Amino acid sequence: MKSESPTALVVGAGIIGLTSAFRLAQSGHSVTIFDPTPARGATWASAGMLAPSAETSPGEESNYALQSGAVIMWHGLSDELFALTGSRVSIHETGTLLVGWDVSDRRLVDQAAHVASSFGAACHEVDREGSAEFFTALSARITQGLFMPDDAWVDPDQAVDILLRALEVLDVHVVTEVVQSVSADAAGVQAKTATGSFSASKGILATGALNVPGGAVTSGVHVVRPVHGVTMRVNGVDRSSLPTVRAFVRGRNFYMVSRPGGYCVLGATAEERSDLSVQVGELQRLLRDALDIVPSLETATVLENRFGLRPASDDLRPFFEALPLGGWAWSSGHYRHGVTLAPLAAQWALNFVEGPA
Ligand SMILES: Cc1cc2nc3c(=O)[nH]c(=O)nc-3n(C[C@H](O)[C@H](O)[C@H](O)COP(=O)(O)OP(=O)(O)OC[C@H]3O[C@@H](n4cnc5c(N)ncnc54)[C@H](O)[C@@H]3O)c2cc1C
C-alpha cells in the first residue's frame, strides 16, 4: 500500500463497492476492498438495464432524476476505465419498447406513458405499421407500444471484469474474506476479518441487501429489505440492435435484454423474501410471460438462472448514510437500479471520504 496516501476501506464488492473503490483509488486513495465472493450478489443477477424512463413509477420522480444523471455518468466512467485498462464498458443505447399483453396490460402502458411524460422522460407511441422492425420476434398480438429512446443497457459481467482490472492497475488490495466487525476511534476506522485487522482513515459499507457487519450501528433512519429476483439466461433470439423489450403481462413485469449473438436476459421475478432458492413456480411464470411476448423463445437454449437480493429501502430511494460510528458510511437502497446508480454512489463515496473529518 502507498503509505502516504489517504486510506479507505470498502466492505462489499458488488457494483456499488467496486465503483466506489475505483473512484476512491483513482482519486489517490489507498483502498482495501473486502468480499468473500466479489460480484456474486445482486450484481450477478442483474440484467444491466440503464432504464430511467422505463423504470418510472408514480411518486418516484426523484429516482428518475437520479437515474438519468447516473446514466450520463456511466459514459464518463466507461471512458475512464478505457483510459486505464484499454477496455470500455459498452453502453448500448437501444432505448426501451414497452408493450402490454392484454387490454388491462395496455392500460398499464398508458399509465406508464403518463407518468414518464410527467417526469420529463422522452417517450412516444409506436405501432407495427409505422415501426415494423421494433416488433421483430414479438407476438403478432402485440401491435403497438411505447418507445423510450433514452434508455440503454450494459453487460454487468463486462463492467465487473473491467472494474476488477482497473482496481488491479490502481493497486487496490482485494481481500476475499467476510468483514465480521467494524469499529472506529480517533485514529480512523477498523475492519476485522477471520484472519486480520485492517485500518484506514474512512470506510464505506456497500453490503447490498445483507446486514451490515457487527459494530456498524446505523442511525435507524434507513433500513434495507431484500427483494428476491431471478433472471434466466437463454440463447437464441437476437434483437440486440433493437429496443429492449419490456412488457406488462397479466399485470406482471417482463423484460428481455438481448445481446449481440442471441444471448438474452429474461427477467425478472420479484418476491419479498430473503432466501436465494429458485422456485419452480416463479420460473414457470417468467417463462410463460416470455413465451407469450416472444414466441420464438420456444427453441432458445437455456444457459443458466441467476438470482439475487435487491436492496430496497423504505422509500425505494438509494441512500448514503454517514453512520453515527464516525468515519464509516453506508451506501445501499439501490433496489432495482443499482447498476444504473453505481457511478453516482461512487461519487457520493468520494465526497464522504474527502469531506470533513
Ligand atoms: C434479478 C435482478 C435484476 C436486476 N436488474 C437490474 C437492472 O437491469 N438494472 C439495474 O440498474 N439494476 C438491476 N438490479 C438491481 C441491482 O442488481 C442492485 O441494485 C445492485 O446490484 C446492488 O449492488 P450492491 O453492490 O449494493 O449489492 P450486491 O451486488 O448484492 O453486492 C453486495 C456485496 O457485499 C458483499 N458483502 C456483504 N456483506 C459483507 C461483509 N460483511 N463482508 C464482506 N463482503 C460483504 C456480498 O458478498 C456482495 O458481493 C437487479 C437486481 C436483481 C436481483
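What the table shows:
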{"read-out": "For LEU50, residues with placed amide H under 5 Å, excluding near neighbours", "value": "ALA152, TRP153, VAL154"}
{"read-out": "Whole-angstrom gap from region 136-153 to region 58-123, using each part's C-alpha centre", "value": "14"}
{"read-out": "Rounded to whole Hz, the Karplus (6.51, -1.76, 1.60) HN-Hα couplings of region 152-161, x for glycine and proline", "value": "8, 8, 10, 8, x, 4, 5, 4, 5, 4"}
{"read-out": "Vicinal HN-Hα couplings computed from phi for region 117-126 (Karplus, 6.51 cos²θ - 1.76 cosθ + 1.60; Hz; Gly/Pro x)", "value": "5, 5, 8, x, 6, 6, 6, 8, 6, 9"}
{"read-out": "Relative counts (whole %) of C-alpha pair distances in region 190-306, using bins that are 10 Å wide", "value": "11, 33, 22, 18, 15, 2"}
{"read-out": "Cα centroid separation - region 172-237 against region 247-308, whole Å", "value": "29"}
{"read-out": "For HIS92, HIS114, order by how many other beta-carbon atoms lie within 10 Å, fewest first", "value": "HIS114, HIS92"}
{"read-out": "Other-chain or far-sequence residues with amide H under 5 Å of SER30's (modelled H)", "value": "THR7, ALA8"}
{"read-out": "Which of PHE135, PHE254 has the fewest Cβ neighbours within 10 Å, and the rest in rising order", "value": "PHE135, PHE254"}
{"read-out": "The chain: relative contact order in percent, alpha carbon pairs under 8 Å with at least 6 residues between", "value": "25"}
{"read-out": "Sorted by Cβ density within 10 Å, fewest first, the residues MET49, MET73", "value": "MET73, MET49"}
{"read-out": "Scattering profile of region 199-267 at q = 0.11, 0.13, 0.14, 0.25 Å⁻¹ [log10 I(q)/I(0), Debye over alpha-carbon scatterers]", "value": "-0.53, -0.64, -0.68, -1.12"}
{"read-out": "Under the Karplus curve 6.51 cos²θ - 1.76 cosθ + 1.60, θ = phi - 60°, whole-Hz ³J(HN,Hα) for region 258-268, x wherever Gly or Pro sits", "value": "9, 9, x, x, x, 6, 10, 9, 9, x, 10"}
{"read-out": "Residues with amide H under 5 Å from that of TRP328, placed H, sequence gap 5 or more", "value": "GLY203, LEU323"}
{"read-out": "Those GluC sites (Glu not before Pro) in region 225-294 that DSSP places in a loop and that have at most 10 other beta carbons within 10 Å", "value": "GLU272"}
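Since every read-out is calculated from the coordinates, none of them should be taken as a lab result. Remember, it's a predicted structure, so these values are computed and weren't measured experimentally. Note that we place each Cβ from the backbone using ideal geometry, even for glycine, and neighbour counts take in every protein chain shown.
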